[in-house]
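Below you'll find the structure, written out as structure tokens, and then a few comments.
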Amino acid sequence: MEKKTILVLTGSPRKGGNSDMMAEAFIEGATSVGHEVLRFDAGRNTVNGCRACGACWAKGSACVFEDGFTELAQLLVKADVLVFSTPLYWFNFPSQLKAAIDKMNAFLKPNCPTPLKIRESVLMVCAHDTDDDLFDGNPAVDRKVGALKKGALEELAHIDAMGGAVAAIAYMKSRLVEANADRLAKIESGETTVVGVNRFQTNEHNEGELLRVDETVRQNQMAALADLRSERDNQAVTDVLSRIEQAAREPQALLMPLIVEAVEAYATLGEICDTLRGVFGEYVPENWV
């Protein structure tokens, strides 16, 4: 794995907050696999806003006005990867981070002596809001939701045209296989990043301990089940299971109210499922994937 120099640029003026914890977790993971990590806390440094004076590099440094960006510019030159870790304030970056980003314009100037070598970046954002309709009216969200709804309705119409879900089981299974193959191909090609799988892997090998359930857990559960069956109204359970069986044989009958009634009578999940298996049987796929 190629070792890289990663610059983590934080935006929160609040030390120890959520975005700081995200940054620290990222730094721990990156350093554990051998990357060099640099850090600049824009929210707790003095970086004044860009004045658009056009005098970048006129005095040898990125900005002619001395502030915290002088240090940040030196770190940017060293970095291969730029990572932002920031909260959102009023649907935007904190002003301190925005000021630092604005001043990066200096590296786009024709007279820049040290162009950046950064070709990869990561954005880690945390935010909170109590409004349920936070994204109502957002055109980007509306387009995405509209596309998802359109695709879902088209897929449902296609399945319906094939005769319904039962008739389309083989088709649906093949679509799942195709979707998974596409997902894996994107991970293997690097188009989709999965931390720990195709990026930022660690060489540590952790066997871990297998969970072994003590035999007394099974014995206690069996005893509790026996107590339940001895205390419940078994005739009521038998009656409702019989009605579930009858309803299952009628295509238009509603099963859910009867299943709820069976649960309230303390019928077990196994007893309910066994009743339904007696009518519908058990699906066994023709082939396994």
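The values are calculated or read from the model by the stated rules, or taken from the named source; none is laboratory data. What you see is a predicted model; the values in this text were computed from it and never measured. With ideal geometry, Cβ positions are generated from the backbone for all residues, glycine too; neighbour counts draw on all protein chains shown.
Here are a few things to note about the model shown:
- Residue check, residue 223 at pLDDT 90 or above and not in a helix (DSSP H, G or I): no
- From the list 100, 181, the lone residue that is of a type in the set (Gly, Ala, Ser) and either within 30 Å of residue 71 (Cα to Cα) or over 22 Å from the mean Cα position of the chain (by Cα) (or both) is 100.
- Residue match in region 194-204 (condition: of a type in the set (Asp, Glu) and under 21 Å from residue 32 (Cα atoms)): yes
- For region 246-280, filtering for residues that are loosely packed, with under 15 Cβ neighbours inside 10 Å and acidic (Asp, Glu) leaves 3.
- Those strands (runs of 3 or more DSSP E) of region 16-133 in which at least 1 residues are free of Cβ contacts under 8 Å to residues at least 60 places away in the same chain and either in contact with a helix residue (DSSP H, G or I) (Cβ under 9 Å, 6 or more places away or on another chain) or of a type in the set (Ser, Thr, Tyr) (or both), considering only elements entirely within it, cover 36-41, 120-126.
So that you can scan it fast, the table gives a plain yes or no per residue for (1) in the same structural domain as residue 12 (by TED's automatic domain parsing); (2) acidic (Asp, Glu); (3) surrounded by fewer than 12 Cβ atoms within 10 Å (Cβ to Cβ):
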residue	(1), (2), (3)
95	yes, no, no
103	yes, no, no
107	yes, no, no
114	yes, no, no
119	yes, no, yes
159	no, no, no
164	no, no, yes
169	no, no, no
